[in-house]
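The values are calculated or read from the model by the stated rules, or taken from the named source; none is laboratory data. Owing to the predicted nature of the structure, the values given are computational and were not obtained by experimental measurement. No Cβ is skipped: glycine too gets one built from the backbone with ideal geometry, and neighbour counts run over all protein chains shown.
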Amino acid sequence: MKLDTKAFRNIVVLTGAGISAGSGLRTYRGADGLWNEMDPESFSTLEGFKRDPLRVWRFYSDVRDAVLAAEPNAAHRSLAKMPLAAGASLTLITQNVDALHQRAGSVEVVELHGTACRTKCSNAACRLVPFEDTSVHRKEVPLCRQCGSPLRPDVTFFGEMLPMHAAMRAKRALRDCDLFLAIGTSGTVSPASEYVRSADYVGAKTLYINLEPLATPNRYFHQSVLGRAEDVLSSMLGG
């Protein structure tokens, strides 16, 4: 199907791990998901980090290696080149930590879950500014140069609050949304699960694009398109 994106004024796109599968990055859930092999409680929670920070760093070092080796695919490029009407806006909200949208050329990217290649201090009271970081740490835990606390990847662990700036940007974009696309994500994890309902509430057209159908029907999605994100978006938007 073709989608005339120039007919809309305020487009919001939500992406999940499925959009980066075409770049060789594994999803977290599904048949080949990472969480099938390891317990997310140990590798992606603050409690797990406090118990064994080196174990978490080894996991995210592997994530960093994979992210740095990956390249944006046709889905990322299609979104970056999406045709827009004069004065229209596109806000791209992603649950991914791979920064492939930015590397493909997208500008207005809201990172709900942070980014794998950035590091911050685990001490909430520390004033260290999060910094870009491609270093891997498999032998020892890096320490903060300001307070001596363990450093951690600047990602949102399960159970943590979303970055306030990202959450507010997403909320503002959805307030005026007239087209909402969920791509490569089940949208079942809050707050992403609430976004389609918000878009429907303000009268937006809503589309679900994923490899698999919704496990539970969601009446807030007006249309579903099944297939690989890179194939669907290349056909739908071009690129």
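Only residues that are surrounded by fewer than 18 Cβ atoms within 10 Å (Cβ to Cβ) and either at pLDDT below 90 or not in a helix (DSSP H, G or I) (or both): list them for segment 165-193, please.
Asp176, Asp178, Thr188, Val189, Ser190, Pro191, Ser193
How many residues are outside any loop (DSSP other than H, G, I, E, B) and of a type in the set (A, V, I, L, M) if we restrict to segment 137-164?
Of the residues in that region, 4 qualify.
Quick one: in segment 63-73, which of the residues that are under 19 Å from Ser135 (Cβ atoms), free of Cβ contacts under 8 Å to residues at least 60 places away in the same chain and of a type outside the set (Val, Ile, Thr) is surrounded by the fewest Cβ atoms within 10 Å (Cβ to Cβ)?
Top of the filtered list is Ala69.
Are any of the residues in segment 208-218 surrounded by 13 or more Cβ atoms within 10 Å (Cβ to Cβ), in contact (Cβ under 8 Å) with a residue 40 or more places away in the chain and of a type outside the set (S, T, N, Q)?
yes
Which is within 29 Å of Ser23 (Cα to Cα), surrounded by 18 or more Cβ atoms within 10 Å (Cβ to Cβ) and at pLDDT below 95, of Leu90, Leu162?
Just a single option satisfies the conditions, and that option is Leu162.
Among residues belonging to segment 80-112 that are without any contact (Cβ under 8 Å) to a residue 12 or more places away in the chain and assigned to a loop (DSSP other than H, G, I, E, B), point out the one that is nearest to Cys144 (Cα to Cα).
Val107
So which residues in segment 194-206 are part of a loop (DSSP other than H, G, I, E, B) and either of a type in the set (Ser, Thr, Tyr) or surrounded by fewer than 18 Cβ atoms within 10 Å (Cβ to Cβ) (or both), if there are any at all?
Val202, Gly203
Confirm whether Ala215 is more than 18 Å from Ser78 (Cα to Cα), among the small types (Gly, Ala, Ser), assigned by TED's automatic domain parsing to the domain that holds Ala17 and part of a helix (DSSP H, G or I).
no
May I ask you to list the residues in segment 113-127 that are within 21 Å of Val97 (Cβ to Cβ) and in a loop (DSSP other than H, G, I, E, B)?
Passing the criteria: His113, Ser122, Ala124.
What pairs can you find where one residue is in segment 118-133 and in contact (Cβ under 8 Å) with a residue 40 or more places away in the chain and within 10 Å of Arg152 (Cβ to Cβ), the other is surrounded by 15 or more Cβ atoms within 10 Å (Cβ to Cβ) and among the charged types (D, E, K, R), and their Cβ atoms are less than 7 Å apart, with a gap of 6+ or different chains?
What qualifies is Ser122/Arg152.
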